[in-house]
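Following: one structure in structure tokens, then a few remarks.
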Amino acid sequence: MTETKTQEAGKTRKHLVSAASSSVMIEFTQVNKWYDDFHVLKNIDLTVHQGERIVVCGPSGSGKSTLIRCINHLEEHQSGSIVVDGITLNRNLKNIDYIRTEVGMVFQNFNLFPHLTILENLCLGPIWARKISRADAEDVAMKYLERVKIPEQAEKYPEQLSGGQQQRVAIARSLCMNPKIMLFDEPTSALDPEMIKEVLEVMIELADTGMTMVVVTHEMGFAQIVADRVILMDKGEIVEENEPVAFFNNPQHERTKMFLSQIL
Amino acid sequence: MAVSDNSKKSEQIKPKEQFDFFHDERVRSVLYQLLTAAAVALVAWFLISNTSKNLEARGMHTGFSFLNVAAGFDSYFKLIPNEAGVGTYGRIFVIGALNTLYVSLLAIVASTILGFFIGILRLSSNWLVSKVALAYVEIFRNTPLLIQIVFWYISVFSLLPRVRNSIDLSGGLELVLLNNRGLYLPWPVPGDSLWLTGIALIVAIIAVCVFRRWAKASQDKTGQIVPTIIPSCLLLIVLPGAVYLLTGMPLEWDVPKLAGLNFSGGATLPPSFVTLLVALSAYHASYTAEMVRAGILSVNSGQYDAARSLGLKQGRLMSLVIIPQAMPAIVPPLISNWMSTIKNSSLAIAIGYPDLVSLFMQTSLNQAGYAIELVSMTMAFYMFVSLIISGLLNIYNKRIQLVER
Amino acid sequence: MTIIKPVESPTVTAPLSKNSALRWVRKNLFNSVFNTVLTFVMLYFVYVAGKGMWSWGITDAVWIADTRRECFAISIDGACWAGVYAWFDNIFYGRYPREELWRINLGLVCLVIWMVPLWLPRVKAKISIGMTTVFLYPFLAGYLFSGGAKGVFMQFMVTAAIVCLLVNTLHAIVGVCSGRSLLEFIVTLFGKKNASSKRGRNILVGLFAIIFVVIYIWQMNWTVERIPWTKWGGLFLTLVISGIGIAMALPSGILLALGRRSNLTIVRVFSTTFIELFRSVPVITVLFMATTMFPLFMPQGFVLNKLVQVIIAVCMFNAAYMAETVRGGLQTIPKRQFEAAHTIGLGYWQTMGLIIMPQALKHMIPNIVGNFITLLKDTTLVSIIGLFDVLGMLRSISKDSPWLGLHKEPLVFGAFLFFVICFAMSKYSRHLEVKLSTSHKK
Ligand SMILES: Nc1ncnc2c1ncn2[C@@H]1O[C@H](COP(=O)(O)OP(=O)(O)OP(=O)(O)O)[C@@H](O)[C@H]1O
Ligand SMILES: [Mg+2]
């Protein structure tokens, strides 16, 4: 996988967004991570440019979640370097705080704050981490709620919403921080089919705005429409990395073929 | 999604990349820990320096040498012999600790049995029974133990008759007698060859274990349920009984006899002991009952249906399916209830039962001073006991986890 | 196979036949031979116990008498409640001067007014109300109860407490009437709906400053007579000790619990040691430690009175118990909530204060109430080291010459008193538990 390939992919994209500028947003170099003795990430090299959409797939337990959780330092890597938005993730707490405000993340189980209303959920980050006044934060929050098409739910509590709605709120919550990068960890796998659709629609719209996205998902349809590159992970390694057309139609590795045959 | 209006605010200054001493995680961690340690050390230094100055000013001595000094008093209830003016403070400590353990162990046994009983009554399908059990639990749990102890002592045990009119609890046999001086029990005096009976008992127990294992194995093999309870009981009674009779009944009972104004012989338990035992047992049984109830209710009701659909009868259903599943929920709180029983036995001080606190923290402290040593020794004793008990709990939890895996 | 649901089937309540009561009795009391026997045994037992208590406590009891002798003269078998009645004020207020009792009552009324909004459904900002109860009310109550000259600090705090009480009450009234917070209400009252919120806040701050100054000036010449702690006693003292105990235990318990979960080794070791130390020793030993060792710990010439010693001791062991309660509450919060908070850039204390604690506290309320019940019961131990709390007062009735030897009735009354308080609270905490476990669903 080379730079040129990525840029070709950028040109052939169906979206109207201008081609990704070459500024690097995420860069993994020789990253290794262990859980005790268990080697979860093995020599990961990965570069994500601004505006790129990466889909990560792979069998269960292959380290996908671990990979993207390293990007906002929810997990710590033990060797190699991870540079996000020009900042190396090390033990500098200021760096970590900064990265976390710049990187949004959406989880499989939504992880909304059950004791706060939707609006309060959305305003919390802007008010406390970005130090924006409450009124401004509420304006921004309402705007994003409209974008995810549930402005009328602002005063409700998360438990009163359907799964799909909760996940859209979770996306809006991350967007309220005005992040440069969005991470998605299987955002649809806890949802019913029709809810999957509404969440994917929101994600596709988000992709259209040029957001840098790293998405762990098994929704291959989504990958084909949106992704600039698809990555297959297995046993902690990046096995194959390619643009979607090539990835699905002409997989290079045995393991990719096997994975695709199981999932499609 | 370049939102223009608040993008301005998100333009934070990008932090520096190189090593930043004050924002480094490890530096911070060490710093916080040092700060905590320093704060604790400061407090400790403050207390210790004040204490040493105070001790000096008051001319008080420190050190544990006083433990070898003879104490000028004696405990009226003790499990090891002692004499006022001869026994040392160290011996007083041992007496107090033994007294505490003695009454609390008995209370633990009694409260556990009573608690299980009441807990099961609580679950009875008989409305009246379960409500009476509920009333018991609520009354005992919602009033202070201290009031209960004092109440038992003042209004039950101090109203007991004098020695001459002792209440005979053994129904005319004059074996177990209760009066305002305490509870009088016959006490066994072992003869020379009693050890043979003891061995017979051990043999019987081993035999029962082997028999039960064999019974289970044979049930696994043949499917026939071998009755175990009655043969085991028989074995346990008959074998030691036979040996006991054959060796010529080498056990005598020292029976309390009225001699002059008091009983002699047998064993005497002072009223304060009996009060404490009764009060502790009654109080902690109410907690145990709730634990038992909650534990049994925590077993999924589907388990009953499943077991019944397998054709198990009520008794076996409880013993094979429900109780084993309820135990993991019952035992941990039960064990901490035991710990509270031991701690609460310190309320003995209110009615003058010579437990560790009353002998050591009160009487010894008044007589000898040495506040720091006495207080810390007493606390250390309870901590030690609590360590043992939490050790028990850990062992139990480990075993449960092994089973669950 | 298709199942067509019929048009809404009318819900039929089970017919209330005349036999239903009979059937209930049959089903719950006499459904087997064994149960029938059991029922009769129990009935007999309840009858005997109930009759004994009824005749001793009610029918044969003496309610009005001047001495125990008189009681005996009227009825020898019944309870002599007259003695308890004669000591009523002592049981509740100790030896607090009788003409100053209004201060205690006023203090309690203030507490009730302060805390009622916590239970009103439409009132907002309950956590702040709770916090002010813990941090400001004690100053007001402390001054009311002990009196004497106020220092500048005390004047300031008392004023703050009064202002806070006023604001709280107004806030609660506004909240109940309009469902809004006082802040919003006042801002709209001034018609500044469109003005920037800064303007509104300025108005508010100004308003509060004026109120504060007015109250400060008013309370400067308001003093009440000094009453030494030795006159405090009875249920009042019990409530003061356990109230302070629970109020101080909450913040320190939270800190200890966080310390115990911390990944900073030294912090964790210290917190764990403190918690385990105080949890494993009996309360009475902690009290003895307070009275015998604290005087040695203090700088020379600095004397803590016994009440303060006891309160410190109560706070210490209760903080340890509370820490375990808090830890239990924290364990109910899944790790995902921490992660979600981190991903929106919240730091440790923000995560704890905004996300974790509010949720955990809600889960903990039943246990905190349970903790308070335990503490209330444990507070009776202070009578052993010579304070005259409820139990101390109850036991001194029997030493009062007209009532010499009257032991049983005061104790029964004390038990009854505690039973009423503790039973009500435990019922309430159980009710909360049920409510919490259901309210988290839709
Ligand atoms: N905290 C942890 N401690 C130890 N091992 C862990 C931990 N978290 C994850 N693992 C292990 O690391 C491996 C990778 O986990 P990860 O969650 O990244 O997988 P995944 O690819 O996201 O799988 P899935 O599709 O099931 O979400 C798994 O084998 C898992 O068991
Ligand atoms: Mg995963």
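The values are calculated or read from the model by the stated rules, or taken from the named source; none is laboratory data. These numbers were taken from a predicted model, which means no experiment stands behind them. Cβ placement follows ideal geometry from the backbone for every residue including glycine, while neighbour counts extend to all protein chains displayed. Protein only, heavy atoms only, side chains kept; ligands, DNA and RNA dropped before computing areas. Shrake-Rupley method; radii C 1.70, N 1.55, O 1.52, S 1.80 Å.
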Alpha carbon centre of the stretch B:311-372 versus the stretch A:180-213: separation in Å?
-> 57
Over both sides of the B-C contact, add up the buried accessible area with a 1.4 Å probe and give it to the nearest 100 Å².
-> 4800
Heavy-atom surface of the protein assembly as shown, accessible at 1.4 Å and reported per residue (Å²) = 50
Enumerate the whole-percent occupancy of each 10 Å bin, from 0 to the last occupied one, for all C-alpha pair distances of the stretch B:304-401.
-> 14, 28, 22, 16, 11, 7, 2
Give the interface area between chains C and A as buried accessible surface, both sides summed, probe 1.4 Å, in Å² to the nearest 100.
-> 1900
Looking at the protein assembly as shown, what % of its DSSP beta bridges pair antiparallel, to the nearest 5?
-> 65
Would you please state which residues of the stretch A:27-44 a label at residue A:78 would reach in this model, taking the label point 7 Å out along Cα→Cβ and a backbone N cut-off of under 15 Å?
-> A:31-44
Would you check the accessible area of residue C:276, probe 1.4 Å, heavy atoms only, in square angstrom rounded to 10?
-> 60
Overall form of chain B per C-alpha gyration tensor (a/c, 1.5; a/b vs b/c) | oblate
Of B:235, B:222, B:203, whose Cα points farthest to the positive end of the dipole of the stretch B:133-244 (charges on the beta-carbon: +1 Lys, Arg; -1 Asp, Glu; origin at the Cα centre)?
-> B:222
At what distance in angstrom do the alpha carbon centres of the stretch C:233-278 and the stretch C:375-415 lie from each other?
-> 28
For residue B:294 and residue B:79, FRET efficiency with R0 = 35 Å and r from the beta-carbon atoms, rounded to 0.05?
-> 0.45
Under a point-charge model restricted to the Cβ atoms of Lys and Arg (+1) and Asp and Glu (-1), what is the dipole moment magnitude of the stretch C:100-226 relative to its Cα centre, in debye to the nearest 20?
-> 600
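Which of the three applies to the stretch A:99-151, rounded, prolate or oblate, going by the alpha-carbon gyration tensor with a ≥ b ≥ c and a/c under 1.5 meaning rounded?
Rounded, since a/c falls under 1.5.
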Which of the residues in the stretch C:38-73 show a loss of at least 40 Å² in accessible area from their chain by itself to the complete set of protein chains, at a probe of 1.4 Å?
-> C:42
Gyration tensor verdict on chain C (Cα atoms; rounded if a/c is under 1.5, prolate if a/b is larger than b/c, oblate otherwise) | oblate
If you take the charge dipole of the protein assembly as shown about its Cα centre, with +1 on Lys and Arg Cβ and -1 on Asp and Glu Cβ, which of A:83, C:209, B:391 is farthest toward its positive end?
-> C:209
Within the stretch B:110-170, list the trypsin sites (Lys or Arg not before Pro) lying in a DSSP loop whose Cβ has at most 16 other Cβ atoms in a 10 Å radius.
-> B:162
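In chain C, carbon and sulfur make up what percent of the accessible area (probe 1.4 Å)? All intermediate terms of the calculation are to be shown ahead of the outcome.
Details: 16210 of 23400 Å².
Carbon and sulfur together cover 69 percent of it.
Top to bottom by accessible area (1.4 Å), largest first, where do A:231, C:162 land?
Details: A:231 0, C:162 35 Å².
The ranking, largest first, comes out as C:162, A:231.
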For chain C, modelled as a Gaussian network with Cα springs under 10 Å, which listed residue fluctuates most, C:298, C:425, C:220?
-> C:298
Dipole size in debye (nearest 20) for the stretch C:340-442 around its Cα centre, Lys and Arg Cβ +1, Asp and Glu Cβ -1?
-> 460
Toward the positive end of the charge dipole of the stretch B:27-94, about the Cα centre and with charges on Cβ (Lys, Arg +1; Asp, Glu -1), which of B:38, B:69, B:57 goes farthest?
-> B:38
For the stretch A:43-141, which trypsin sites (Lys or Arg not before Pro) are in a loop by DSSP, counting at most 14 other Cβ atoms within 10 Å?
-> A:131
Enumerate cysteines in chain C without a disulfide-compatible partner, where compatibility requires another Cys Cβ under 4.7 angstrom.
-> C:110, C:164, C:177, C:315, C:422
Just how far, in whole angstrom, is the stretch A:149-178 from the stretch A:30-79 if you go by their alpha carbon centroids?
-> 28
Taking chain C and counting helices only, DSSP H stretches of n ≥ 4 at -39,500 (n - 2.57) each over all residues, the nearest-500 ellipticity at 222 nm comes to -22500 deg cm²/dmol
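Only helices at least 24 Å long along their own axis, judged from Cα atoms, and with Kyte-Doolittle mean hydropathy of -1.0 or greater: name those in chain C from DSSP H.
C:33-54, C:152-178, C:197-220, C:234-261, C:306-331, C:357-378, C:408-439
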State, to one decimal in nm, how far the label point of residue C:177 lies from the label point of residue C:263, with both points 7 Å from Cα in the Cβ direction.
-> 5.2
Efficiency of FRET from Cβ geometry, residue C:427 and residue B:46, R₀ 51 Å, rounded to 0.05 = 0.70
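Roughly how big is the stretch C:230-389's charge dipole about its Cα centre, with Cβ charges of +1 (Lys, Arg) and -1 (Asp, Glu), in debye to the nearest 20?
Using only the charged Cβ atoms, the result is roughly 240 debye.
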Pull up the cross-link candidates among the aspartates and glutamates for residue B:257, meaning alpha carbon to alpha carbon under 19 Å and not fewer than 8 places away within one chain.
-> B:168, B:174
Fluctuation leader among B:133, B:217, B:326 - chain B, Gaussian network, Cα springs under 10 angstrom | B:217
The stretch C:230-389 - Kirkwood radius from inverse mean 1/r over Cα pairs (Å) | 16.9
Principal axes of the protein assembly as shown: Cα extent on each, largest first, Å = 115, 95, 79
Built amide H within the under 5 Å cut-off of residue C:96, gap 5+ = C:233
